[in-house]
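To start, the structure itself, in structure tokens.
Taken together, the values in this text are just the output of simple stated rules run on the coordinates, not laboratory data. Since the structure is predicted, the reported quantities are computational estimates derived from the model, not experimental observations. So basically every Cβ, Gly included, is an ideal-geometry build from the backbone, and we count neighbours across all protein chains shown.
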């Protein structure tokens, strides 16, 4: 029986335990200090976010028990929020067994700050790993290779936990990880491996940002025009896909990934049913953006796109992007979410840049 550790007991970290245990794996689910109440409730019988018990093959560990949770495991899923990713990954690397060959599978979506720079989470993870084990960076020993994959695709945690058919994209850099994927796949959780690791990671980050736009439409129009504003949402959705394609291309990924499940597919499900859509709805209905994020956080919901958008501007500047010119929808979101501009006025101004 394979033993797997999952770090992060929120929605997706807990949901991924279902296909893993359904495949016969023994799973250690570890929660951060923010997850201790989730772990406590799960131990008593029901995961409070998923509203159901976890599978019998899942063992739950509190935040103080990380070393025990990862003991004797070499496959580790990481499902913590992007804001906590660097701290948790550093803690993880400090506690792993030095002679074990690890594979890290990243459910985390978003950019991070590390060493005074903004970067992709996988880049930070690699730097942290080789900082801890500098002798491995140029080693020819296959067991010293830093192995990580980025998981994306249109997978809502609640649906995965209820075994609803879902398709996930795994961006891989290493053939050895690809060999493991059949152990994670089930009849309801289908996995599509692709070699464009960077593209999958970028799509996973920016779909959270762009789905805020659909939510803003909900906030602006749902009350008085329920069901009568899907033209606008479709317009913004199309532009979002094109802008994600552009970002993937200039940052080293395959632009075709933006039109795959990792890009367009994930953007769709997040735009119609994700937490970032709800965040956008609050902003579109008049709630101050920072207050909207705090309101959701206090309710146990994390608007990842708000944090990602803050980091996206300075990160994209490293690639020479003129956001107002090349990424007009991203510029709209910056104006509304970060600069406090009126959503309705910004949407109208945005629309005037298109057509004749």
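Structure values in brief
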item: Most mobile listed residue (228, 313, 236) in the chain, GNM with C-alpha springs under 10 Å; result: 228
item: Largest-first principal axis extents of the Cα set of the range 268-310 (Å); result: 26, 21, 20
item: Overall dimensions of the range 61-168 by Cα: Rg and Dmax, Å; result: 14.9, 45
item: Beta bridges by DSSP in the chain, antiparallel share as percent, to the nearest 5; result: 25
item: In range of the label at residue 95: residues from the range 10-39 whose backbone nitrogen is under 12 Å from the point 7 Å along Cα→Cβ; result: 29-33
item: Two-site FRET efficiency, residue 176 against residue 228, from Cβ-Cβ distance with R₀ of 56 Å, rounded to 0.05; result: 0.60
item: Beta bridges per DSSP with both ends in the range 1-153, % antiparallel, nearest 5; result: 20
item: Segment residue 51-residue 319, extension gain: residue separation times 0.36 nm, minus the distance between their alpha carbons; result: 92.2 nm
item: Choice from 288, 135, 113 with maximal GNM fluctuation in the chain (Cα, 10 Å cutoff); result: 135
item: Extension gain, residue 164 back to residue 351 (0.36 nm per residue minus Cα-Cα distance, nm); result: 63.6 nm
item: Gyration tensor (Cα) of the range 203-292, equivalent ellipsoid semi-axes in angstrom; result: 25, 14, 10
item: Residue order, fewest to most surrounding Cβ atoms within 10 angstrom, among 203, 60, 334; result: 334, 60, 203
item: Helix 304-317 axis, angle to the chain major axis (alpha carbon atoms, nearest 10°); result: 80
item: For the range 3-195: rounded, prolate or oblate by the Cα gyration tensor [a/c cutoff 1.5]; result: prolate
item: Order of 266, 187, 101 under a 10 Å beta carbon neighbour criterion, fewest first; result: 187, 101, 266
item: Among 212, 88, 202, residue whose mean-square fluctuation peaks in a GNM of the chain (springs only between Cα atoms under 10 Å); result: 88
item: Residue 2-residue 246 FRET efficiency (beta carbon distance; Förster radius 45 Å; 0.05 resolution); result: 0.65
item: For the range 1-90, convex hull of alpha carbons as volume per residue, Å³; result: 85
item: Stretchable slack from residue 43 to residue 26, in nm (0.36 nm times residue separation minus alpha-carbon distance); result: 4.5 nm
item: Burial ordering of 279, 130, 102, fewest other beta-carbon atoms within 10 Å first; result: 130, 102, 279
item: Folded to 0 to 90 degrees: helix 275-284 orientation relative to the chain principal axis, Cα; result: 30
item: Relative contact order %, the chain, counting alpha carbon pairs below 8 Å whose residues are six or more apart; result: 14
item: Estimated D of the range 202-351 in µm² per second, where Rh is the Kirkwood radius over Cα pairs and Stokes-Einstein applies at 25 °C, 0.890 mPa s; result: 163
item: Folded to 0 to 90 degrees: helix 121-132 orientation relative to the chain principal axis, Cα; result: 30
item: Quotient of Cα Rg and 2.2 N^0.38 Å for the range 182-238, N being how many residues it contains; result: 1.63
item: Principal axis dimensions, the chain - Cα atoms, whole angstrom, descending; result: 62, 47, 35
item: The range 206-320, relative contact order [Cα under 8 Å, separation at least 6], %; result: 40
